[in-house]
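Working notes, beginning with the structure itself.
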Amino acid sequence: MGGRRGQRAMGWARRLVPALAVLLLAAGCRKERTEEFAVVPAQPAPALEAPRASGEPFRLSEQRGKVVVLTFGYTACPDVCPTTLSQLQRVHGGLGAAAKDLEVVFLSVDPERDNAQLLDKYVRAFNPRFTGLRLDTEALAPVLASWRVTASRRYPDAARYREHPFSGELPYTVDHTGAFFLVDKQGVLRSRVPYTVPVERLRMEVERLLAEDAAPPAGLRVEKARARLTPARVGAVYLTLVNTTGREDRLLSAESTTAGRVELHEVIAQGELLQMHPRPEGFVVPARGRVELEPGGKHLMLYAVQESATSLPLTLRFEKAGTVQLSVPVSALDAQEP
């Protein structure tokens, strides 16, 4: 009797182990599918302001509460760009009522040939709700750099067409990055999805972001925020972070449309030697605690600040609380610290 029970137990074990393996594999696949295209570390999407092809201004910072899918291309593209927009149309059409919270943006990398009228007609041919953006060549270059997008012209081989020379302007194509940039409802760049990903997979990534709550959880507040700027167009932001929740949080990054760059820094004193240390890991805000960003200690370092700024729009990105937006008053250099 004991032998038969042992054999039955071993039989169950043999059947159970493969089943557990399948479950673990499936769980691992789900995690991989979620994180495969994730942008790490999490950070606010690069700034993007441009005229819409239809004429109205577009600002990425004003799209809070929506999921934004950004892609780059040009109207003379014979293959990749129309395929990309067709894929996005299929994603958009498959979302039903949720599509109202999706903004699809197509930014031209060929401003010399893509005038506003042509770009507007091209994008609307795929979906009237899609947004076409155009920047001139000088303004386009820093945007491409901030989004880590490549775009370069490719001209035909002149020797190959010696017998049949082109008349007029030499035609060209544009080699460019083929990817979908997914920005969540809080303005965070979450995923960089390759052009080659199947439409259903792209739709799943978009649906996942649409299902998230746009509002960050309550319990973290910012107090006594102020900025000081110098004639050298650098400065610092000081503030107090108060965490009233029972879980630790972390300030990950900051950005401002008035500054070229914002970094988290801390001054460390070694006797009379003062050292400025970047803190890319962020600042921990303890549960039911506070963190002071103050002169001579932790602060937000501002670079390339626009002249004559009287207030500073500031976006703070937290690990758990999400995005917090502020308008920070700018103090005079001789102002007393509160």
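Given 97, 151, which one is aliphatic (A, V, I, L, M) and surrounded by fewer than 15 Cβ atoms within 10 Å (Cβ to Cβ)?
On the way: 151 fails: surrounded by fewer than 15 Cβ atoms within 10 Å (Cβ to Cβ).
Testing whether each residue is aliphatic (A, V, I, L, M) and surrounded by fewer than 15 Cβ atoms within 10 Å (Cβ to Cβ) leaves just 97.
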Any pair with Cβ under 9 angstrom, 6 or more apart, that starts in the stretch 236-262 at a residue that is aromatic (Phe, Trp, Tyr) and ends at one that is in a strand (DSSP E or B) and open to solvent by 40 Å² or more (accessible area, probe 1.4 Å): 238/224; 238/228; 238/292; 238/298
Enumeration of residues in the stretch 78-126 that are more than 20 Å from residue 183 (Cβ to Cβ) and small (Gly, Ala, Ser): 86, 93, 96, 97, 116, 125
Qualifying residues in the stretch 127-167 (those that are at pLDDT below 95 and of a type in the set (S, T, N, Q)) - the one farthest from residue 182 (Cα to Cα): 167
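Please give the strands (runs of 3 or more DSSP E) falling wholly within the stretch 237-338 in which 1 or more residues are among the charged types (D, E, K, R) and open to solvent by less than 20 Å² (accessible area, probe 1.4 Å). Lay out the reasoning, then the answer.
Working: elements: 249-255, 259-270, 273-278, 283-285, 289-293, 298-305, 311-318, 322-331.
Counting at least 1 such residues, we get 249-255.
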Matching residues, the stretch 116-144, being open to solvent by 70 Å² or more (accessible area, probe 1.4 Å), out of contact with any Pro (no Cβ under 8 Å at 6 or more places or on another chain) and not in a helix (DSSP H, G or I): 125, 128, 129
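The values are calculated or read from the model by the stated rules, or taken from the named source; none is laboratory data. Keep in mind the model is a prediction, meaning the values are calculated, not measured. With ideal geometry, Cβ positions are generated from the backbone for all residues, glycine too; neighbour counts draw on all protein chains shown. To get the accessible areas, we keep the full protein, side chains included, count just its heavy atoms, and leave off ligands, DNA and RNA. Shrake-Rupley method; radii C 1.70, N 1.55, O 1.52, S 1.80 Å.
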